[in-house]
Amino acid sequence: MEQDQRHFPDWVHQTPLMLFIHGSFWVVVFFILSGFVLPLNFFKTGRETCITGGTFRRYLRLMLPNLMIISLYYLFAKMDWFGQDTYKKIKDRSFGDFLECQLFATWYGDNSWATATWTMSVELFATFFIYLIAQTAVKYRGRFWIYFFACMFVFIPQATDYLDKRPSKNFIYKLGNIALNMPVFFFGVMFADIETWKDFRPLDSVRELHWGWKIPINTVIIAIIVSYGSYWDTGMCLSVGDGNCEFWRYVSFEWQMPVPVAHYLAANLLIFLALTSQAFQWVLGSLPFKFMGRISFSLYLVHELFTDGIMIDSYYYFIGQGYNAQDALWIIFAIYTPTLIVVAWILTLIVDEPSKNWANSLDVQSRIKRPPPRDTDESEDEYYGCWSFTKRSWFIVGFASWLVLLVIVTETYQALRTPPEHYESEIPK
């Protein structure tokens with residue numbers, strides 16, 4: 001099989017249209033957005049509970065959806081529902097290994113069950129640094145120097161590594177993804193900070209510009225976002241073997257601009273545009289974008305089950321039926337894109353949103369000073385009583401039941417199964 005058969009067509013991955021399928025860029029956007037959203041209420045209100053509550057809830061908020069959605073990967077692998085050796089790396093691992101990884105190891109960078117979960121550890125630990133720097137900076141004059149030096153503490157070693165001026169090259173990478181991505185979150189914290197100033201908001205001067213200025217300025221911003229958000233690597237586009245992409249050769253100044261710098265610039269400008277452009281805010285506030293934002297976390301966690309499993313198996317099936325590579329890709333795209341969105345929506349309803357609500361409920365339930373209950377006829381003692389809280393936690397019983405059922409079904413199947421032949425087969429040539 002030729003190397004580029006499973007790629008998108010050249011007019012996608014060798015043009016700025018790469019922006020729409022460029023996962024690493026959108027991860028940067030998501031990190032900045034997290035840095036913006038998490039401390040926003042604290043900057044607005046100054047309430048201590050915005051920090052303490054967010055810190056208390058964060059692990060549960062991330063872990064519960066991660067545990068339940070990645071359990072689908074375990075199910076598919078154990079039940080031999082993948083072909084062509086897909087996920088053979090996890091099919092022989094035990095349920096105990098699965099639980100240990102999702103409860104603990106994932107949060108220290110283990111992404112062996114699903115590659116995309118590398119961001120989970122970054123998100124978790126970055127949360128605590130976000131809250132720390134937010135509540136520290138507001139107490140000092142010249143707070144942006146605090147942000148600046150916090151970012152430089154990580155960026156300078158990266159820059160010297162890039163220029164190869166350190167005796168130990170790639171020293172910063174020994175610190176791992178958490179340290180590497182921390183300044184990206186701080187960009188979001190700075191946006192949240194300046195957007196909540198009471199007397200003067202710096203971005204208001206941009207919002208109040210005449211449309212005759214805003215149109216050309218925003219056009220340039222969009223051009224930069226598209227150019228650098230779609231930029232991949234030195235002459236390689238999406239992967240080795242794709243050949244030089246002339247567009248990026250020019251915008252990266254003959255490949256001199258590092259990819260992280262391009263992505264940081266594009267991602268920050270995207271957030272800037274979202275905060276200052278009414279037209280862009282209207283687009284983001286439309287029903288399709290609001291819906292995609294709602295399901296985004298579940299979509300992120302489950303998408304690899306499709307892209308690295310079901311879709312690859314289907315691709316090989318169509319190739320075996322005589323379809324050429326590009327036709328097979330378009331058929332798979334037409335079938336599985338809406339399917340993936342529906343699955344992510346269902347998982348949002350039954351996993352993600354209940355997990356978020358329960359983490360919030362446990363946070364309030366566990367406080368020393370608890371707010372009066374709302375929208376209930378129960379007294380405060382009744383509402384915060386053990387039985388009432390247990391009734392509000394019904395879905396946790398559902399989660400536990402699913403995990404028990406999962407281990408019973410998969411272990412029974414493993415005990416009775418005959419090893420499928422496709423685990424020894426070769427990828428079609």
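Go through the residues of region 105-112 one by one and say whether even a single one is within 21 Å of the chain's Cα centre (by Cα), free of Cβ contacts under 8 Å to residues at least 12 places away in the same chain and exposed (fewer than 15 other Cβ atoms within 10 Å of the Cβ). Show your work before the answer.
As a first pass, look at region 105-112 and keep what is within 21 Å of the chain's Cα centre (by Cα): 105-112.
Still in the list and also free of Cβ contacts under 8 Å to residues at least 12 places away in the same chain: 105, 110-111.
Checking the rest, the ones that are also exposed (fewer than 15 other Cβ atoms within 10 Å of the Cβ) come to none.
Checked against the condition, which is being within 21 Å of the chain's Cα centre (by Cα), free of Cβ contacts under 8 Å to residues at least 12 places away in the same chain and exposed (fewer than 15 other Cβ atoms within 10 Å of the Cβ), region 105-112 yields no hits at all.
How many residues, within region 194-234, are in a helix (DSSP H, G or I) and not polar (S, T, N, Q)? Break it down into steps so the answer makes sense when it comes.
Step one: list which residues in region 194-234 are in a helix (DSSP H, G or I), which gives 194-195, 204-207, 211-229.
Still in the list and also not polar (S, T, N, Q): 194-195, 204, 206-207, 211-217, 220-226, 228-229.
The total comes to 21.
Table: residues versus (1) modelled with pLDDT under 90; (2) buried (at least 16 other Cβ atoms within 10 Å of the Cβ); (3) under 21 Å from Met68 (Cα atoms); (4) over 33 Å from the mean Cα position of the chain (by Cα).
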| position | (1), (2), (3), (4) |
| --- | --- |
| Trp330 | yes, no, no, no |
| Phe333 | yes, no, no, no |
| Val342 | no, no, yes, no |
| Leu347 | no, yes, yes, no |
| Leu405 | no, no, yes, no |
| Thr410 | no, yes, yes, no |
| Leu416 | yes, no, no, yes |
| Pro420 | yes, no, no, yes |
| Ser425 | yes, no, no, yes |
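Could you list, in sequence order, all residues of region 321-376 that are basic (Lys, Arg) and in a helix (DSSP H, G or I)? First the steps, then the outcome.
Initial filter on region 321-376 (basic (Lys, Arg)): 356, 367, 369-370, 374.
If the condition is that a residue be basic (Lys, Arg) and in a helix (DSSP H, G or I), then Lys356 is the only one that fits.
Being crowded, with 19+ Cβ neighbours inside 10 Å and of a type outside the set (A, V, I, L, M, F, W, C) is the filter here, so list the residues in region 305-327 that pass it.
Correct list: Gly309, Tyr315, Tyr316.
Here are some conditions: (1) acidic (Asp, Glu); (2) modelled with pLDDT under 95; (3) farther than 30 Å from Thr196 by Cβ. Glu48 meets all but one. Which one does it not meet?
(3)
Could you tell me how many of the residues in region 1-38 are part of a helix (DSSP H, G or I) and either touching a Lys or Arg at 6+ places or on another chain (Cβ under 8 Å) or at pLDDT below 90 (or both)? First the steps, then the outcome.
So the first thing to find is which residues in region 1-38 are part of a helix (DSSP H, G or I), and the list is 10-13, 16-21, 23-37.
Subsequent filtering for residues that are either touching a Lys or Arg at 6+ places or on another chain (Cβ under 8 Å) or at pLDDT below 90 (or both) retains 10-13, 16-21, 23-24.
Residues meeting the conditions: 12.
Give me the pairs: first residue in region 28-40 and free of Cβ contacts under 8 Å to residues at least 40 places away in the same chain and within 13 Å of Leu275 (Cβ to Cβ), second residue buried (at least 23 other Cβ atoms within 10 Å of the Cβ) and not aliphatic (A, V, I, L, M), beta-carbon distance under 7 Å, and six or more apart or on different chains, which are they?
none
Arg93 fails exactly one of the following numbered conditions: (1) under 19 Å from Thr307 (Cα atoms); (2) in a loop (DSSP other than H, G, I, E, B). What is the number of that condition?
Only one criterion is unmet by Arg93, namely (1).
Would you point out the residue of region 121-151, among those that are in contact (Cβ under 8 Å) with a residue 24 or more places away in the chain and surrounded by fewer than 16 Cβ atoms within 10 Å (Cβ to Cβ), that is nearest to Leu301 (Cα to Cα)? Steps first, answer last, please.
Restricting attention to region 121-151, the residues satisfying the condition of being in contact (Cβ under 8 Å) with a residue 24 or more places away in the chain are 121-131, 133-135, 137-138, 143-144, 147, 150-151.
Adding the requirement that they be surrounded by fewer than 16 Cβ atoms within 10 Å (Cβ to Cβ) leaves 128, 138, 144.
Working: Phe128: 22, Val138: 34, Phe144: 34 Å.
Checked region 121-151; the qualifying residue nearest to Leu301 (Cα to Cα) is Phe128.
Pick out the one residue from Ser112, Ser94 that is out of contact with any helix residue (DSSP H, G or I) (no Cβ under 8 Å at 6 or more places or on another chain) and at pLDDT below 95. Walk me through how you get there before you give the answer.
Working: Ser112 fails: out of contact with any helix residue (DSSP H, G or I) (no Cβ under 8 Å at 6 or more places or on another chain).
On inspection, the qualifying residue turns out to be Ser94.
Any residue at all in region 387-401 that is among the β-branched types (Val, Ile, Thr), within 26 Å of the chain's Cα centre (by Cα) and under 30 Å from Ile70 (Cα atoms)?
Within region 387-401, the subset among the β-branched types (Val, Ile, Thr) is 390, 396-397.
From what's left, within 26 Å of the chain's Cα centre (by Cα): 396.
Retained after the next criterion (residues that are under 30 Å from Ile70 (Cα atoms)): 396.
Looking through region 387-401, at least one residue is among the β-branched types (Val, Ile, Thr), within 26 Å of the chain's Cα centre (by Cα) and under 30 Å from Ile70 (Cα atoms).
What residue, among those in region 244-253 that are assigned to a loop (DSSP other than H, G, I, E, B) and either of a type in the set (A, V, I, L, M) or surrounded by fewer than 19 Cβ atoms within 10 Å (Cβ to Cβ) (or both), is modelled with the highest pLDDT? Break it down stepwise before answering.
Going through region 244-253, the residues assigned to a loop (DSSP other than H, G, I, E, B) turn out to be 244-245, 252-253.
Applying the additional criterion that residues be either of a type in the set (A, V, I, L, M) or surrounded by fewer than 19 Cβ atoms within 10 Å (Cβ to Cβ) (or both) yields 244, 253.
Working: Asn244: 53, Phe253: 82.
Looking at residues that are assigned to a loop (DSSP other than H, G, I, E, B) and either of a type in the set (A, V, I, L, M) or surrounded by fewer than 19 Cβ atoms within 10 Å (Cβ to Cβ) (or both), I get Phe253.
Examine region 254-276 for a residue that is modelled with pLDDT of 90 or more, polar (S, T, N, Q) and either more than 23 Å from Met190 (Cα to Cα) or more than 19 Å from the chain's Cα centre (by Cα) (or both), and state whether such a residue exists.
yes
Just for region 349-381: of the residues that are within 28 Å of the chain's Cα centre (by Cα) and acidic (Asp, Glu), which one is surrounded by the fewest Cβ atoms within 10 Å (Cβ to Cβ)? So that I can check it myself, show each step before the final result.
Taking region 349-381 first, the residues within 28 Å of the chain's Cα centre (by Cα) are 349-364.
Okay, now just the ones that are also acidic (Asp, Glu), so 352-353, 363.
On the way: Asp352: 24, Glu353: 17, Asp363: 19.
By that ranking, first place goes to Glu353.
I'm trying to understand the selection: among the residues of region 246-279, which are free of Cβ contacts under 8 Å to residues at least 40 places away in the same chain and among the aromatic types (Phe, Trp, Tyr)?
Trp248, Tyr250, Phe253, Trp255
Within region 39-84, can you find the residues that are over 19 Å from the mean Cα position of the chain (by Cα), more than 30 Å from Tyr317 (Cα to Cα) and outside any helix (DSSP H, G or I)?
Within region 39-84, Gly46, Arg47, Glu48 meet the criteria.
The values are calculated or read from the model by the stated rules, or taken from the named source; none is laboratory data. Source: prediction; values computed, not measured. Cβ: placed from backbone, ideal geometry, glycine included. Neighbour counts: every protein chain shown.
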